[in-house]
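Q: The following block contains the structure, expressed as structure tokens.
The values are calculated or read from the model by the stated rules, or taken from the named source; none is laboratory data. Quantities reported herein were computed from a predicted structural model and do not represent experimental measurements. So basically every Cβ, Gly included, is an ideal-geometry build from the backbone, and we count neighbours across all protein chains shown. To get the accessible areas, we keep the full protein, side chains included, count just its heavy atoms, and leave off ligands, DNA and RNA. Shrake-Rupley method; radii C 1.70, N 1.55, O 1.52, S 1.80 Å.
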Amino acid sequence: MPREITVRQLIHQLQAVDPDLPAYFAINPDWPQTHRIGHVIEISGPGGVVYLAENGQEGVLPTEVRTQLDWADV
């Protein structure tokens, strides 16, 4: 996985999953919590970027997810 992905690449990946499922962030293998997604902010113009804001925690990231991310040994 590249260090950066474009919005187009993110949309492409998301099109492969059920659009009615909730979406969360998995952020830190040292503290594997499930984080809710908040606001989406676009900074336009040259060097523009999109930010997905974190909106609190839901609890511990499930073992199955940690395994798929290769975070199981952490």
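Q: As a test of the formula, what do you get for the chain when each DSSP H run with n ≥ 4 contributes -39,500 (n - 2.57) and the sum is divided by the residue count, at 222 nm and rounded to the nearest 500 deg cm²/dmol?
A: Numbers: 2 runs with 14 residues, N = 74.
Mean residue ellipticity, 222 nm, calculated: -4500 deg cm²/dmol.
Q: For region 49-55, just list the computed ³J(HN,Hα) in residue order, Karplus coefficients 6.51, -1.76 and 1.60, θ = phi - 60°, integers in Hz, with x standing in for Gly and Pro.
A: With coefficients 6.51, -1.76 and 1.60, one gets 7, 10, 10, 9, 7, 6, 10 Hz.
Q: Computed from the mean reciprocal separation of all distinct C-alpha pairs, what Kirkwood hydrodynamic radius does region 1-41 have, in Å?
A: Averaging 1/r across every pair of different Cα atoms and inverting gives 12.2 Å.
Q: At 20 °C and 1.002 mPa s, what whole-number value in µm²/s does Stokes-Einstein give for the translational diffusion of the chain, with Rh from the Kirkwood sum over Cα pairs?
A: Result for D is 152 µm²/s.
Q: Per residue, how large is the accessible surface of the chain? Use a 1.4 angstrom probe and give square angstrom.
A: Numbers: 6400 Å² over 74 residues.
I get 87 Å² per residue for the chain.
Q: How large a share of the accessible area of the chain, in percent, is made up of carbon and sulfur atoms when the probe is 1.4 Å and the other protein chains stay in place?
A: 54 percent
Q: Excluding Tyr51 itself, calculate the net charge of residues whose Cβ lies under 14 Å from the Cβ of Tyr51, where each Lys or Arg counts +1 and each Asp or Glu counts -1.
A: The answer is -3.
Q: Could you list which residues have their amide H under 5 Å from that of Glu58, counting only those 5 or more apart in sequence or on another chain, with H placed in the peptide plane?
A: The list, which skips near neighbours in sequence, is Thr34, His35, Arg36.
Q: Oh, and also: For region 14-28, take each phi angle, set θ = phi - 60°, evaluate the Karplus expression 6.51 cos²θ - 1.76 cosθ + 1.60, and give the result in whole Hz per residue in order, putting x for glycine and proline.
A: Taking θ as phi minus 60°, the curve returns 5, 5, 8, 10, 4, x, 9, 7, x, 10, 9, 9, 10, 10, 10 Hz for region 14-28.
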